[in-house]
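Read the structure below first, then the notes.
The values are calculated or read from the model by the stated rules, or taken from the named source; none is laboratory data. Just so you know, these numbers come straight off a predicted model, no measurement behind them. FYI the Cβ positions are ideal-geometry reconstructions off the backbone, even for glycines, and counts take in every protein chain you see. Ligands, DNA and RNA are excluded from the accessible area calculation, which covers all protein heavy atoms including side chains. Shrake-Rupley method; radii C 1.70, N 1.55, O 1.52, S 1.80 Å.
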Amino acid sequence: MGYQPTPTTLPDGRYRSSGQVQLSDGRLINAVHSIRFEDGRFYALSRQADTLLENAGLVERDGAHHRLAVSHGEVTQLASGMDNELIFSLLYSRREGAHIRLYQIGECLYARASLQVFCP
Amino acid sequence: MNAPLIPASSPSGPVTYLVLKTGSTERTISFYPSMYQLLIQRGEQEERVDLGYAGSRLLERLLQAPGEVVSREELMSYAWPDRVVGQGSLNQQIYSLRQLFCDEKGREIIQTLPRRGYQFNPHYVAERRAAEPAAPASSVEPEEPTPSVVTDAARPARSHWPAIGLFILTLLVGLGTSAWIRERPENLATRSLERGALTLQLMAKDGRALDSLERDSAGLFERLASLSEGASLLTLDRHGGYYQLFCHRETASVNWLMFHANQLNLLDDKQLKQCLL
């Protein structure tokens, strides 16, 4: 278990997770991350409080890891009072051409650049 | 009896390391006991993994005599010389090592001898090297161009051509280095810490970031250890101003809690317990 720097097989199917985020002002918000892998493509949707992030693109091999190559993304509502770091992650994740490496944590995938977690 | 592959106390001098085979033909591991590190090589890719003291000592003891059974008690006293730990800590370390060697299913490399202990399969020891290879830590740390080049270029008493040539060379090296920094894979280093039955795995971009993470999260680790019931494995990362705490479950799924760096010491016990469930 733990972080495994080992090659992973190409993810397939639906992954999701939910948890809590404690913002810099101490507020606690719920977050849900969901992603679907199919034929080398991904479709992801994240919700953090009232903010929705939707992105899609290709899954690429990146050395011992896989990465998400974003070809389309959209943030539909940006809640006021969100931390700058979170906003940056969300906006980066929707940018065409963004690459987000996936790290395997247990059987889950951790998109470190966008702070998302996806579990089978 | 054969001479041990690794001396009980490593002498100072050139870095000694062992090249080990794994359960995957595409993957080899170089073990640097004095640095508590593995360098995992897969084709052109290299990955540095910080085993931590206990994990490194455990592997070191097994490799002192490959093919020889080492009892659980001896492994525990060797890997944790200054404290008493539970069987779960040893099990966890063995499991982690097996994963790194792609051996978690086959168990051909680190073999369990029921009621006797563990042994390292000698067929997976490729060679021992005492040369001075590029240490894994330095292989991922590019050197900055030195400022003395600028000073030399500005010195009027000498011919300018050598200085200009050096400046251009440094510029090219700098450009090459910056391109390499952009393109190199982001290999994360890890370190495992233990408190009783709780194991905290830290992940960060390099050893210095691990040191910082370990220092900053010491209080959180103590709290988690006091709240944890039974053996638990946690992973902690800090990225983009946020900490990400993963609490591993027996199903190999995880609970997670993300919090801003300034909330590190302001988390409720309830939140931590919820993660540890």
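Averaged per residue, the stretch A:54-110 has 44 square angstrom of accessible surface, using a 1.4 angstrom probe with ligands and nucleic acids left out.
Measure off, as a whole percent, the carbon and sulfur share of the 1.4 Å-probe accessible area of the stretch A:3-118, all protein chains present. Whole-percent figure for carbon plus sulfur exposure: 45. Here the Karplus curve 6.51 cos²θ - 1.76 cosθ + 1.60, taken at θ = phi - 60°, turns the phi angles of the stretch B:46-55 into couplings of 10, 9, 9, 10, 8, 7, x, 4, 5, x Hz, with x standing for Gly and Pro.
B:Lys205 exposes around 130 Å² of accessible area when a 1.4 Å probe is run over every protein chain in place.
Considering only protein heavy atoms, what per residue accessible area in square angstrom results for the stretch B:17-129 with a 1.4 angstrom probe?
Working: 5070 Å² over 113 residues.
For the stretch B:17-129, the per-residue accessible area is 45 Å².
Once label points are set 7 Å from the Cα along Cα→Cβ at both B:Arg129 and A:Ser34, what is their separation, rounded to one decimal in nm? If labels sit at B:Arg129 and A:Ser34, their model points lie 5.0 nm apart. Taking the Cα atoms only, what angle lies between the long axis of helix A:84-94 and the longest principal axis of chain A, rounded to 10 degrees? On a 0 to 90 degree scale, this one is about 50.
Equivalent-ellipsoid semi-axes (√(5λ), Cα gyration tensor) for the stretch A:10-120, whole Å, largest first?
Numbers: eigenvalues 103, 44, 29 Å².
Output for the stretch A:10-120: semi-axes of 23, 15, 12 Å.
Computed from backbone phi with θ = phi - 60° and the Karplus coefficients 6.51, -1.76 and 1.60, the 3J(HN,Hα) list for the stretch A:37-53 is 9, 7, 6, x, 10, 9, 9, 10, 9, 10, 10, 10, 6, 9, 9, 10, 10 Hz; x is used for glycine and proline. Close amide H pairs (under 5 Å, H built 1.01 Å from N) link B:Cys102 with B:Gly23, residues at least 5 positions away or on another chain. For the stretch B:189-276, the solvent-accessible area works out to 41 Å² per residue, with a probe of 1.4 Å and every protein chain left in place. For B:Glu250, A:Glu96, the ranking by accessible surface with the largest value first comes to B:Glu250, A:Glu96, using a 1.4 Å probe.
In the stretch A:102-120, burial by the other protein chains removes 20 Å² or more of 1.4 Å probe accessible surface, compared with the chain on its own, from A:Tyr103, A:Ile105, A:Glu107, A:Cys108, A:Tyr110, A:Arg112, A:Leu115, A:Val117, A:Cys119.
When the accessible area of the stretch B:17-129 is split by element with a 1.4 Å probe, what percent falls to carbon and sulfur? Please list the in-between numbers first.
Numbers: 2290 of 5070 Å².
Carbon and sulfur atoms account for 45 percent of the accessible area of the stretch B:17-129.
Straight Cα distances below 28 angstrom link B:Lys21 to the lysines B:Lys105, B:Lys205, with same-chain residues fewer than 8 positions distant left out. Using a 1.4 angstrom probe on protein heavy atoms only, the contact between A and B buries about 3400 square angstrom of accessible area, both sides summed. Remark: the stretch B:57-64, residue by residue, has Karplus-estimated 3J(HN,Hα) of 5, 4, 5, 4, 5, 5, 7, 5 Hz, where x stands for each Gly or Pro and the curve is 6.51 cos²θ - 1.76 cosθ + 1.60 at θ = phi - 60°. Here the stretch B:189-276 has 45 percent of its accessible surface on carbon and sulfur atoms, given a 1.4 Å probe and all protein chains in place.
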